[in-house]
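These notes are about the structure you will find just below.
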Amino acid sequence: MAATGVACPACGSGLRVDAKFCDECGAPVSQTKAAEYKQVTVLFADVVHSMDIAAAVGPERLRELMSDVVDRSTAVVERYGGTVNQFTGDGIMAIFGAPVSLEDHAIRACMTALDIQRQVDALATEVRRGMASIFNCELD
């Protein structure tokens with residue numbers, strides 16, 4: 001029973017090396033690290049009316065479109081220093097400010113949201129053009 005020179009905070013008895021509890025009083029003696037708290041911004045981005053789109057284009061084409069939306073959105077999130085935390089089927093959840101602290105995490109998340117909208121608008125234009133060429137007509 002080698003003492004460490006460290007005393008139990010509850011009763012003052014000497015503690016063994018690697019002791020998690022005091023042998024005399026049973027009090028916990030492990031040194032717990034203080035929690036580290038960070039402010040973060042969470043961004044949710046999803047496709048509105050995705051089920052209506054599925055009905056119009058079919059499930060296989062919807063999967064292709066959603067894959068493209070998620071890929072483009074993920075690239076934008078990463079460009080602004082965020083981390084995609086979750087895929088929701090028709091969207092994403094991204095975190096800014098963790099694990100790497102960012103002082104301007106809220107601004108980055110807002111810029112990301114705007115850029116995702118631009119990317120999805122560009123994708124919608126590509127899809128419309130593709131549909132117009134398939135049906136040999138103009139789509140508004």
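Points to keep in mind about this one:
- Residues located in the stretch 40-75, provided they are over 30 Å from residue 102 (Cα atoms) and of a type in the set (A, V, I, L, M, F, W, C): 51, 53, 54, 55, 56, 57, 62, 65
- Single unsatisfied condition, residue 74 versus (1) hydroxyl-bearing (Ser, Thr, Tyr); (2) surrounded by fewer than 16 Cβ atoms within 10 Å (Cβ to Cβ); (3) within 22 Å of the chain's Cα centre (by Cα): (2)
- One residue from 101, 67 being farther than 30 Å from residue 36 by Cβ, surrounded by fewer than 17 Cβ atoms within 10 Å (Cβ to Cβ) and of a type in the set (Ser, Thr, Tyr): 67
- A single entry from 35, 45 fulfils the requirement of being among the small types (Gly, Ala, Ser) and surrounded by fewer than 16 Cβ atoms within 10 Å (Cβ to Cβ): 35.
- Hey, residue 83 open to solvent by less than 30 Å² (accessible area, probe 1.4 Å) and among the hydroxyl-bearing types (Ser, Thr, Tyr) or not: no
- Test result for residue 108, loosely packed, with under 13 Cβ neighbours inside 10 Å and modelled with pLDDT of 95 or more: no
- Test result for residue 50, open to solvent by less than 30 Å² (accessible area, probe 1.4 Å), under 30 Å from the mean Cα position of the chain (by Cα) and either under 29 Å from residue 126 (Cα atoms) or in contact (Cβ under 8 Å) with a residue 60 or more places away in the chain (or both): yes
- Every condition in (1) open to solvent by less than 50 Å² (accessible area, probe 1.4 Å); (2) over 30 Å from residue 105 (Cβ atoms); (3) small (Gly, Ala, Ser) is met by residue 56 except one, and the failing one is (1).
The values are calculated or read from the model by the stated rules, or taken from the named source; none is laboratory data. Everything numeric here is computed off the predicted structure, so don't read it as measured data. A quick note on method: Cβ atoms are made from the backbone with ideal geometry, for glycine too, and the neighbour counts reach across all protein chains shown. We work out accessible area using only protein heavy atoms, side chains counted, and drop any ligands, DNA or RNA first. Shrake-Rupley method; radii C 1.70, N 1.55, O 1.52, S 1.80 Å.
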